[in-house]
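Asker: Handing you this structure, nothing more for now.
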Amino acid sequence: MSSNLQLIHSKILECTKCELHKSRTKAVPGEGPRDARIMFVGEGPGQNEDEQGRPFVGAAGKFLTELLESIGLKRSDVFITNIVKCRPPNNRAPRKSEIEACNTYLQSQIRLINPRIVCALGTPAITTLMGEEYSASRHHGKSLTKGEVTIIPMYHPAAALYDASLKETIFHDFQLLKQMLENTETFNPSTPKSSEPSGSKQTLEKWA
């Protein structure tokens with residue numbers, strides 16, 4: 001990890017910019033190679049992440065590892081982080097003020113790592129990186145280029161834990177990611193329309 005990236009991460013570990021620092025066990029800056037071609041950005045740490053100080057180490061993290069392996073990648077190949085670096089109480093969705101307080105860290109990580117592709121996982125990450133008009137349910141798998149970075153909106157892996165019917169859609173979107181990596185030209189995927197999420201609707205909606 002570069003000294004500049006280490007500096008950002010050390011600031012995150014000591015950050016008191018928003019109320020989330022009061023209830024955290026550990027801040028979770030993120031992990032991965034400083035020259036990663038792909039960055040995954042989720043919503044925020046959960047209980048396991050808060051305890052270990054590492055991103056995506058719970059059930060959603062295991063599914064993310066499975067998704068990566070399905071396209072020939074390992075966790076160590078990619079950089080993984082979140083839009084907020086401290087766990088929101090009871091895993092609630094992060095508030096706008098919390099996202100804004102943490103956004104300078106996220107933007108610094110993107111600038112320093114300079115990934116080719118940023119995968120925004122779940123609607124909170126998608127709106128933060130792409131704009132309020134974007135969501136997982138309407139735009140998943142449809143890439144947007146901002147400057148030199150291509151952003152791919154995707155369902156959060158946790159969404160499939162609440163609605164198993166989304167697994168196929170998520171695996172399909174990862175195949176699109178694989179094609180984009182292999183294709184040096186502009187790639188504008190079209191994805192099949194997914195079915196409406198069912199069950200655990202309130203929890204699922206924050207990622208969809």
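The values are calculated or read from the model by the stated rules, or taken from the named source; none is laboratory data. Predicted model only: the values in this text are computed from it and were never measured. All Cβ positions, even for glycine, are placed from backbone atoms using ideal geometry, and neighbour counts span all protein chains on display. We work out accessible area using only protein heavy atoms, side chains counted, and drop any ligands, DNA or RNA first. Shrake-Rupley method; radii C 1.70, N 1.55, O 1.52, S 1.80 Å.
Asker: From the helices alone, meaning DSSP H stretches of at least four residues, give me the mean residue ellipticity at 222 nm for the chain, per-run term -39500 (n - 2.57), in deg cm²/dmol to the nearest 500. Write out the running numbers ahead of the final one.
Answerer: Details: 9 runs with 87 residues, N = 208.
Rounded to the nearest 500, it is -12000 deg cm²/dmol.
Asker: Related question: What spacing in nm lies between the two simple spin-label points modelled at SER97 and THR65, each 7 Å away from Cα in the Cβ direction?
Answerer: 3.8
Asker: Pop out the carbon and sulfur fraction of the accessible area of the chain as a percent, whole number, probe 1.4 Å.
Answerer: Values: 4600 of 10100 Å².
Within the chain, the accessible surface is 46 percent carbon and sulfur.
Asker: If you average the alpha carbon positions of the stretch 113-137 and of the stretch 3-19, how far apart do those two centres end up, in angstrom?
Answerer: Cα centroid of the stretch 113-137 versus Cα centroid of the stretch 3-19: 22 Å apart.
Asker: DSSP beta bridges in the chain, what fraction antiparallel, as a percent rounded to 5?
Answerer: Details: 4 of 17 bridges.
Counting only bridges with both partners in the chain, antiparallel ones make up about 25 percent.
Asker: Could you tell me the relative contact order of the chain? Use alpha-carbon pairs under 8 Å, at least six residues apart, and round to a whole percent. Intermediate values should be presented prior to the final figure.
Answerer: On the way: 373 pairs, mean separation 43.3, N = 208.
Taking the mean separation of contacting Cα pairs over the length of the chain, I get 21 percent.
Asker: Here is a further query. Rounded to the nearest whole Å², what accessible area per residue is found for the chain with the 1.4 Å probe?
Answerer: Heavy-atom SASA per residue in the chain reads 49 Å².
Asker: Still on this model: Given a Förster distance of 41 Å, report the FRET efficiency between LYS142 and GLN52 from their Cβ-Cβ distance, rounded to the nearest 0.05. Could the numbers behind the result be given before it?
Answerer: Values: r = 33 Å, r/R0 = 0.81.
Between LYS142 and GLN52 the formula returns 0.80.
Asker: With Rg and Dmax of the Cα atoms in Å as the read-out, I listed [x] 15.8, 46; [y] 17.1, 48; [z] 18.1, 61; which label goes with the value calculated from this structure?
Answerer: [x]
Asker: Given a Förster distance of 25 Å, report the FRET efficiency between SER165 and ARG37 from their Cβ-Cβ distance, rounded to the nearest 0.05. Mind dumping the intermediate values first?
Answerer: On the way: r = 30 Å, r/R0 = 1.21.
Once the sixth-power term is evaluated, E becomes 0.25.
Asker: Going 7 Å from the Cα of ASN114 along its beta-carbon direction, which residues of the stretch 131-156 have the amide nitrogen within less than 17 Å of the resulting point?
Answerer: 146-150
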